[in-house]
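> Sharing a structure with you now.
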Amino acid sequence: MAQDKDIFRIKHNDMLPEKGTILIAEPFLQSIFFERSVILLVENNLTGAMGFVLNKQTDLILNDFFPEINHLPEIPLYLGGPVQANHLYFIHTLGDDFIPNGVNVFGNLYFDGDFEALKHYIAAGGKIDGKVKFFIGYSGWTRDQLNAEINRDSWLVAKASVKNIMLLDGDEFWNEAVDSLGSQYSMWKYYPKNPDMN
């Protein structure tokens, strides 16, 4: 199987994993959290990096945790990563006018902010489809850990549009991200999720 993997392995690109970039998992990265994942980096500095898996929707919904929005259409929760899995995080495009104290990631995309203001916005009927994405836990790396994983070709770094970050999900997002890398990566999409079954 190692020989088969060599067919699909392509060395990492030279894009730096800066805040606002995405990490695209190599196709044979086997992990409940990271298999075919797309991760948005919301921070990367001298102390480490932080991001959220964008395309792993859970069976949980936000409404079940907050009675004031329980009557509204279901709001999905995503599995942001294995760190602090009992904490809720969010990204949004609502800006400071609606959600004060958010951290700008890039463009009109923000990380966190005043959660009480967000709950009030949602309870008042504010539109969140394509504007807010909620996560349980986050993905984190200590200083130099992420660079080491990139150098081992576990991740490719790329740019993504805010629209794709907020709207795409599941393998569709991973496939779209792979397509954005260029035709030399197209073979990644044909690597089986469970190679032992072939």
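Readers should treat all values here as calculations from the given coordinates under stated rules, not as data from a laboratory. Predicted model only: the values in this text are computed from it and were never measured. Note: ideal-geometry Cβ built from the backbone for every residue, glycine included; neighbour counts use all protein chains shown.
> Using a basic spin-label model with each label point 7 Å from the Cα along Cα→Cβ, how many nm lie between D59 and M187?
Using points 7 Å along Cα→Cβ, the separation is 3.8 nm.
> I would also like to ask the following. Provide the gained length on full extension for the span D97 to K127, in nm with one decimal, where the gain is 0.36 nm per separating residue minus the Cα-Cα distance. Could the numbers behind the result be given before it?
Values: separation 30, 0.36 × 30 = 10.80 nm, distance 1.42 nm.
Taking 0.36 nm per residue and subtracting the Cα distance, the gain is 9.4 nm.
> A follow-up question, please. Nearest 10 degrees, 0 to 90: what angle lies between the long axis of helix 170-180 and the longest principal axis of the chain (Cα atoms)?
Tilt of helix 170-180: around 60 degrees.
> Let me ask you something else. Per residue of segment 99-112, what does 6.51 cos²θ - 1.76 cosθ + 1.60 with θ = phi - 60° give for ³J(HN,Hα)? Whole Hz please, x for Gly and Pro, Karplus curve as stated.
Using θ = phi - 60°, the values come out as 10, x, 6, x, 9, 5, 8, 5, x, 9, 9, 10, 10, 6 Hz.
> Express the relative contact order of segment 20-185 as a whole percentage, based on alpha carbon pairs under 8 Å and six or more residues apart in sequence. Before the final figure, lay out each step's value.
On the way: 320 pairs, mean separation 48.4, N = 166.
Relative CO of segment 20-185 lands at 29 percent.
> I'd like to know which of P73, F115, F135 lies farthest towards the positive end of the charge dipole of the chain, counting +1 on Cβ of Lys and Arg and -1 on Cβ of Asp and Glu.
Among P73, F115, F135, the one farthest towards the positive end of the dipole of the chain is F135.
> Now, a different point. Pull out the extension gain between M15 and Q30, defined as 0.36 nm times the separation in residues minus the alpha carbon to alpha carbon distance; nm, one decimal.
Numbers: separation 15, 0.36 × 15 = 5.40 nm, distance 2.34 nm.
Taking M15 through Q30 to full extension adds about 3.1 nm, to one decimal.
> In terms of modelled amide H atoms, which long-range or inter-chain residues lie less than 5 Å from the amide H of G102?
It is D114, by chain and number.
> Skipping prolines and chain starts, which residues have an amide H placed within reach, meaning under 5 Å, of the one on L60, given they are 5 or more residues away or on another chain?
Here L77 satisfy the definition.
> Local charge sum around I128 (other residues, Cβ-Cβ under 13 Å, Lys/Arg +1, Asp/Glu -1)? Walk me through the numbers before you get to the answer.
Working: positive: K119, K127, K131, K133; negative: E74, D129.
Neighbourhood net charge equals +2.
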